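Here the structure comes first, spelled out in structure tokens, and everything after it is commentary.
What follows is calculated from the coordinates using simple rules that are stated; it is not laboratory data. Here the structure is a predicted model, which is why all the values come from computation and not from measurement. Ideal geometry is used to build each Cβ from the backbone, glycine not excepted, and the neighbour counts take in all protein chains shown.
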Amino acid sequence: MRKVAILVDGGFFHRRANALWGDNAPAAQRAEELLVYCRSHTSHYDERALLYRIFYYDCPPSSAAVYHPLLQKQIELKRTSLYSWMTEFHSELTAKRKVALRFGRLSHVGVGYTLSSDTIKKLCSGKILWANLKEEDFILNMTQKGVDMRIGVDISSIAYKKQVDQIVLIAGDSDFVPAAKVARREGIDFILDPMHQNISKDLQEHIDGLRSKPRPNLDARKEKDCRK
């Protein structure tokens, strides 16, 4: 029986899920979408594939106070809807079977609100003026620390211990190439899921397959659960 470990870069997953499925999903729904999406990888070839574990890598939401240049005041992130959403999302994941959370930390060096890339393009092209800026034109800029390292360490550990036959990595950059090389040298089938995003050539050279799945069907999951 083929045993599969699925590793998810949380920051990447949120960006792609928002782009593909909408950014207004409740935390409980997005957690269920993640679970269904990941499990769809275990039925790609046959029904005998066994899910070893889903490893989810993220950072806890920040509770810092950050100055907003448009509002001209400090924003307490702990009181924002995003903080509440992320806290609930992580709580939902901890209650899911075969899901393990791995937390890095957020760096508060250089943290602040900046204009989104789309807004900058509109300003430069003259489509909008500075006076037209709105609160939603700004994004919170924070840097994750320790997430990539934990993903790399877990890939190497799983590979050396021969715990699975296949690793599916849901991510979109080339930071994981060294770990992917280790896994393949140890005989692990290494699959990348970029969630329908284009990837760089240097990453494609070091994987065994590229596979993005369709949008998770939660209704089908509910029907299946009812038949049990």
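Taking the DSSP beta bridges with both ends in region 99-228, the antiparallel portion is around 50 percent. Residues considered: K127, K98, K73. Largest GNM mean-square fluctuation over the chain, using C-alpha springs under 10 Å, is found at K127. Counting every other Cβ atom within 10 Å of each residue's Cβ, T94, T80 order from fewest to most as T94, T80.
Local charge for L71 was computed over the other residues whose Cβ lies under 11 Å away, with Lys and Arg +1 and Asp and Glu -1, and equals +1.
Under the combined filter of DSSP loop state and at most 10 neighbouring Cβ atoms within 10 Å, region 125-209 retains none of its chymotrypsin sites (Phe, Trp or Tyr not before Pro). For the chain, modelled as a GNM whose springs connect Cα atoms under 10 angstrom apart, the maximal fluctuation among Q144, Q163, Q74 occurs at Q74. Over all other residues within a Cβ to Cβ distance under 14 Å of I207, the charged ones net out to -2, with Lys and Arg as +1 and Asp and Glu as -1. Beta bridges from DSSP with both residues in the chain: antiparallel share about 30 percent, rounded to the nearest 5. Excluding S174 itself, what net charge comes from residues whose Cβ is under 13 Å from its Cβ, given Lys and Arg +1 and Asp and Glu -1? Net of charged neighbours comes to -4. Fully extending the segment from S200 to S63 would add 45.9 nm, taking 0.36 nm per residue of separation and subtracting the current Cα-Cα distance.
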